[in-house]
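Input: a single structure, listed below in structure tokens.
Rule-based calculations on the coordinates, nothing more; no lab input. Owing to the predicted nature of the structure, the values given are computational and were not obtained by experimental measurement. Please note: Cβ atoms are built from the backbone with ideal geometry, for glycine as well, and neighbour counts cover all protein chains shown.
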Amino acid sequence: MANAAVSAGDSGGVTRREFLYYIWGASIALFAAESAGLLVWFLIPKFREGEFGGTFTLPIDELPEVNAEPVNKPDGRFWLVNLDTTNPNGSERMYQASDESAPIQGVAAIYKVCTHLGCIYSWIPVNNRFECPCHGSKYRLDGRRIESPAPRTLDRFKVQALNEDQTQVLAESDLVNDFYQPVVLPTGTAFLRVDTGSKKTGPSQTLICSFTGSCP
Ligand code: FES
């Protein structure tokens with residue numbers, strides 16, 4: 001019998017002890033993988049629809065008219081704007097600056113926090129612009145700086161145009177230089193989806209007041 005056992009080991013077979021080691025090792029590896037997966041699942045933030053950090057789906061009739069005053073969405077912490085610099089309606093609010101070679105058209109969702117030191121700015125109807133109460137920064141309807149001390153354009157969230165049953169994305173904000181551009185809504189758009197978990201930092205552009213020589 002002893003000779004038979006030696007010859008089985010010599011032939012490369014797995015002993016009972018080795019087999020138990022393998023099972024034990026595999027169990028440990030499986031447990032570690034499951035624990036890591038659970039940890040990642042808990043660490044990745046999860047947001048519900050309609051909660052800041054998640055998505056907001058709005059019927060198209062909540063969109064403001066072209067170049068009209070922005071619509072305030074406090075739960076999502078954004079302003080919804082509808083821009084068209086080729087449209088004379090509301091041109092006192094939205095206009096093309098001297099260094100902008102192409103018209104600005106489409107829908108954007110603008111984060112409600114000032115890019116200077118984080119105060120909450122407001123839309124001031126009588127002045128047709130956003131103004132920050134803390135240090136006086138001013139922004140055009142699309143969020144571009146009119147006056148400092150804000151260092152850059154207001155941040156934006158990703159916007160998608162959805163069809164009637166919300167199953168199809170018809171268009172979404174393009175990224176240019178890592179900043180969301182206004183999205184032009186295709187025919188058939190019935191809903192807008194704003195993703196407040198997808199924010200892009202506004203660029204530093206020349207102050208608009210410097211073109212008119214009206215900077216304070
Ligand atoms: S925080 Fe808005 S201007 Fe300073």
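Exposure proxy for Tyr180, Tyr111: other Cβ atoms within 10 Å of each Cβ, ordered fewest to most, give Tyr111, Tyr180. With an 8 Å Cα cut-off and a minimum separation of 6 or more residues, compute the relative contact order for the chain in percent. Once normalised by length, the contact order is 17 percent. Placing +1 on the Cβ of every Lys and Arg and -1 on the Cβ of every Asp and Glu, with nothing else charged, gives the chain a dipole about its Cα centre of roughly 660 debye. For a modelled paramagnetic label at Phe52, 7 Å from Cα along Cα-to-Cβ, the residues of the stretch 169-209 in reach, with backbone nitrogen under 15 Å, are 195-199. Each residue, Ser91 and Ser27, gets one label point 7 Å from its Cα in the Cβ direction; the gap between the two is 7.9 nm.
Exposed loop sites were defined as trypsin sites (Lys or Arg not before Pro) in DSSP loop states (anything but H, G, I, E or B) carrying at most 13 other C-beta atoms within 10 Å; in the chain the longest segment without such a site runs 49-216. Proximity of backbone amide H atoms, modeled 1.01 Å from N, is registered between Ile124 and Arg129, Phe130, Glu131 at under 5 Å, excluding neighbours fewer than 5 places apart on the same chain. Reported to the nearest whole Å, the Cα centre-to-centre distance from the stretch 124-202 to the stretch 46-67 is 12. By the rule of a C-alpha distance below 21 Å, with chain neighbours fewer than 8 residues away ignored, the lysines paired with Lys112 are Lys73, Lys138, Lys158, Lys199, Lys200. 3J(HN,Hα) along the stretch 138-155: 10, 9, 6, 4, 8, x, 6, 5, 9, 10, 6, x, 3, x, 6, 4, 4, 6 Hz, from the Karplus curve 6.51 cos²θ - 1.76 cosθ + 1.60 with θ = phi - 60°, whole Hz, x for Gly and Pro.
Distance between the modelled labels on Cys215 and Asp75, one decimal in nanometres: 4.1 nm (7 Å Cα→Cβ projection).
Residue by residue, the stretch 204-216 carries 3J(HN,Hα) couplings of 8, 10, 4, 5, 5, 5, 6, 6, 9, x, 10, 5, x Hz when phi is fed to the Karplus relation 6.51 cos²θ - 1.76 cosθ + 1.60 (θ = phi - 60°); x denotes Gly or Pro. Near the amide H of Ala150, within less than 5 Å, lie the amide hydrogens of Ser137, Lys138, all on another chain or at least 5 residues away, with H placed in the peptide plane. Counting only Cα atoms, the stretch 55-212 measures 45, 31, 31 Å along its principal axes, largest extent leading. Projecting the Cα atoms of Ile146, Gln205, Thr115 onto the charge dipole of the chain, computed from C-beta unit charges around the Cα centre, puts Thr115 farthest toward the positive end. Inter-label distance, Ser98 to Asn127: 2.2 nm, where each label sits 7 Å from its Cα along the C-beta direction. Helix 16-43 and the longest principal axis of the C-alpha atoms of the chain enclose an angle of approximately 10°.
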